[in-house]
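Please read the structure below before turning to the comments.
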Amino acid sequence: MSSVPAFEEFEPAPDCGCPGCARHRRDLALGLPVRAGGHPAAHGARRALVLVTAAGAVLGGGGASGIATALVPVAPSDAAGTADAADAALGADTPQGGRAPLHGPPAAQADGGPTPGAVPTTSQISTETLRKTTRTEIINRAKTWVTAQVPYSMEKYWSDGYRQDCSGYISMAWNLRSNEWTGSLDRFAVRIDRTQLQPGDILLFHNPANPTRGSHVTIFGGWTDYTHTSYIAYEQTKPRTRKQATPMAYWENSSRYVAYRYKGLAGGGTGAGGGATAPPTGTVAYPGGAKFGPGANNAHVTRLGQMLIQRGAQRFYAAGAGPKWSEADRRATQAFQRAQGWKGTEADGLPGPHTWALLVSGKGKDIGGSSGSSGPSTDANGFPGRGSFRPGQSNAYVEKLGKQLVKRGFGKHYLSGPGPRWTEADRRNVEAFQRAQGWRGAAADGYPGPETWRRLFR
């Protein structure tokens, strides 16, 4: 019988810097062997890393620190020199461990820690075997790490048993029975369109050619506004867990992120209309979609009508607001939704969480003119709304914006014009103006908001 080298018989300690332990940790990060479902390309990268590790040992360097540096994705060139942009790019630096049981392999556990369970195989994963959870529970679990400021680590495990990297964070939020990685999380979920995203869903980018290059995953916490161009992301990234507004779908590799919904979701409905954004803190909670629509008769319908009347819907109510749902409620709600620039299912006349949040907080635009009036209304500074400045839009406000940019010295990207149709030249000129204000990240995305408009025309 041939003997097996001793270092193959034990799991390396997470803080050991010797070349052998470093090699094993990197093997774990690159996932499963091909015969067990791993991606073949990962093993080419793994063999290369083993050679680099060996070379480091010969040269006397040792440890995984040099290798880890080589695996850090390069930050965008325009992010150099700005703290905010550097923070925004941190999510790219997310090396991760492979699939592992809760609390990790034995050597990664503290003395007296619980015995880890077995990692389920692909054939064992089914809707029936998944732990049921709700959207509220997913977000609440995500918040626990934000509150605790859990440090990022691809090797350490938090007290709840989940690995402290991006995929371990999702495993925790979804209450999975093991620690997964970006190459296996999709097995626990169904793919959805980005327009269907609701709190508790995820945005996943797995790079099969080299999983340590850019692979990342975030939890969708809700849209930041009705334009659906940015969202609240919960994520585990260096240096620690964070929650912040993030451009859809991420700061980099945006087009490669895929939206997924957990298969074990229970009671995931959020009501119709107006997207899935939860009401702001301090407002009256959204009572649920079942409280509105044909046949509904309750105090929430009365409150809805009263709020709509305060926002300009008087003409729809001949006898005032009442508890019984009527066509007047539907038409008034639809008029308010259209005043926000929403269309289609977002302006169906049934109040969803976002519609309700705007009404109870007094935010958003009031109903002006007749239902379906032409042209967007403007705020006190003349800003017509974000929806006027998007690909495919053509209106007088775009041309007005462009002329003011030229006047203020931010028109270098125009080869002709400016004109009424929104173009990439408009976006780049707006971005230049925003950066001149000292803004970075999502605040300098090239799409004008109320403050950009105010500063540009002051």
For the stretch 296-327, enumerate the residues that are at pLDDT 90 or above, open to solvent by 80 Å² or more (accessible area, probe 1.4 Å) and not in a helix (DSSP H, G or I). N297, K324
Has the stretch 357-375 got at least one residue that is outside any helix (DSSP H, G or I), among the small types (G, A, S) and either under 29 Å from the mean Cα position of the chain (by Cα) or modelled with pLDDT of 90 or more (or both)? yes
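Can you pull out the strands (runs of 3 or more DSSP E) entirely within the stretch 191-270 that have at least 3 residues that are farther than 23 Å from N179 by Cβ?
Numbers: elements: 202-205, 216-223, 230-236, 241-247, 258-262.
Answer list for the stretch 191-270: 230-236, 241-247.
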Residues located in the stretch 307-320, provided they are in contact with a Leu (Cβ under 9 Å, 6 or more places away or on another chain) and closer than 19 Å to S361 by Cβ: M307, L308, Q310, R311
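Filter the stretch 411-436 down to residues that are open to solvent by less than 50 Å² (accessible area, probe 1.4 Å), of a type outside the set (G, A, S) and in a loop (DSSP other than H, G, I, E, B) and give me whichever is nearest to G385 (Cα to Cα). Walk me through it before giving the result.
Here is the first cut: in the stretch 411-436, the residues open to solvent by less than 50 Å² (accessible area, probe 1.4 Å) are 411, 413-414, 418-419, 422, 425-427, 429-434.
Among the residues that remain, those that are also of a type outside the set (G, A, S) are: 413-414, 418, 422, 426-427, 429-431, 433-434.
Add one more test, that the residue is in a loop (DSSP other than H, G, I, E, B), and what stays is 413-414, 418, 422.
Numbers: H413: 23, Y414: 23, P418: 19, W422: 14 Å.
Step by step, filter the stretch 411-436, then rank; the result is W422.
Under the condition of being touching a residue at least 24 places away in the same chain (Cβ under 8 Å) and either outside any helix (DSSP H, G or I) or farther than 22 Å from G392 by Cα (or both), which residue from the stretch 444-458 is most open to solvent (accessible area, probe 1.4 Å)?
R454
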Identify the single condition in (1) open to solvent by less than 40 Å² (accessible area, probe 1.4 Å); (2) out of contact with any strand residue (DSSP E or B) (no Cβ under 7 Å at 6 or more places or on another chain); (3) more than 21 Å from S184 (Cα to Cα); (4) not basic (K, R) that G222 does not satisfy, given that it satisfies every other one. (2)
Of the residues that sit in the stretch 383-410 and are in a loop (DSSP other than H, G, I, E, B) and at pLDDT below 85, which one is nearest to T452 (Cα to Cα)? F383
The residue that is modelled with the lowest pLDDT, considering only those in the stretch 195-216 that are open to solvent by less than 10 Å² (accessible area, probe 1.4 Å) and of a type in the set (G, A, S), is G214
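Mind checking which residues of the stretch 144-185 are part of a helix (DSSP H, G or I) and surrounded by fewer than 16 Cβ atoms within 10 Å (Cβ to Cβ)?
We begin by selecting, within the stretch 144-185, every residue part of a helix (DSSP H, G or I); these are 144-148, 166-173, 185.
If the condition is that a residue be part of a helix (DSSP H, G or I) and surrounded by fewer than 16 Cβ atoms within 10 Å (Cβ to Cβ), then T144, T147, A148 are the ones that fit.
The values are calculated or read from the model by the stated rules, or taken from the named source; none is laboratory data. As the structure is a computational prediction, the values presented were derived from the model and not from experiment. Quick reminder, even Gly has a Cβ in these numbers, built from the backbone with ideal geometry, and neighbours come from all protein chains shown. Surface accessibility is based on the protein's heavy atoms, side chains included, excluding ligands, DNA and RNA. Shrake-Rupley method; radii C 1.70, N 1.55, O 1.52, S 1.80 Å.
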